[in-house]
Amino acid sequence: MGQAIISLGKLSVESFISSGTNNNYLIFKPLPYSRQNSSGIDGHLQFNGITATEIVDADLDVALTGSDYSFAVGTDNKIKLAFSKTLHITKSEAMSALKHVDVTYELGNLKLDGDNYTLIARDSTNDEVHCTTPVTLDQAMKIINTLDMSRDTNSDGFIRYELVHDFVVS
């Protein structure tokens, strides 16, 4: 199986949990095209830029020793990254500190999804401004045209597009 790398800054945050006794944690959206993880410790993820220990979901609020971060990945393929309440107090503080951290993970068994593609639009600051569900090339061109014609480049800057063949993980 292949591998993929994604930065935490490009992996959308689903929620910020601050209700724990010891730790706050971020729950990220599922890893794109990832192999199926278990609800235990798989050892399939590696972080570049932080030291993080893999744990099970039930231990996300256990006081951390030996590293500043711990993480769990369940069958939903969502990373749950825990850290001490004193390390990052808010979601924005945590994301600012973690945005350049890369995650290396194993891809699932990928099969082409017919003639479908995912279109990702990024602005001039490299922030994602739009991402489609799987679309055909004709639909992608219409979306590009609509975004280009509706954007004020003097105030909003330009858009760069990334077109990726869509896959189904089996």
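Hey, any idea what % of the stretch 82-149's accessible area is carbon plus sulfur with a 1.4 Å probe?
54 percent
Each label was represented as a point 7 Å from its Cα along the Cα-to-Cβ direction; for Thr86 and Glu14 these points are 3.1 nm apart. Full extension of the chain between Arg160 and Lys111 gives 15.0 nm of extra length, using 0.36 nm per residue less the Cα-Cα distance.
With a cut-off of 11 Å between beta carbons, the residues surrounding Gln3 carry a summed charge of 0, where Lys and Arg count +1 and Asp and Glu -1. Computed over the stretch 24-166, the alpha-carbon pair-distance distribution with 5 angstrom bins reads 2, 9, 15, 16, 15, 13, 13, 10, 6, 2, 0, each value a whole percent. Distance between the 7 Å Cα→Cβ label points at Asp152 and Thr133: 3.2 nm. Using a probe of 1.4 Å on the protein chains alone, the accessible area found for Leu81 is around 0 Å².
Determine, for each peptide in 22-28, 148-154, the mean count of other beta carbons within 10 angstrom over its residues, then list the peptides with the highest first.
Top to bottom by mean Cβ count within 10 Å: 22-28, 148-154.
Among residues other than Val101 with Cβ under 13 Å from its Cβ, the summed charge is 0 (Lys and Arg +1, Asp and Glu -1).
Average accessible surface for the chain: 56 Å² per residue, computed with a 1.4 Å probe over protein heavy atoms with every protein chain in place.
The values are calculated or read from the model by the stated rules, or taken from the named source; none is laboratory data. Since the structure is predicted, the reported quantities are computational estimates derived from the model, not experimental observations. As a convention, Cβ positions derive from the backbone with ideal geometry for all residues, glycine included, and neighbour counts pool all protein chains shown. With ligands, DNA and RNA removed, areas are computed over all heavy atoms of the protein, side chains included. Shrake-Rupley method; radii C 1.70, N 1.55, O 1.52, S 1.80 Å.
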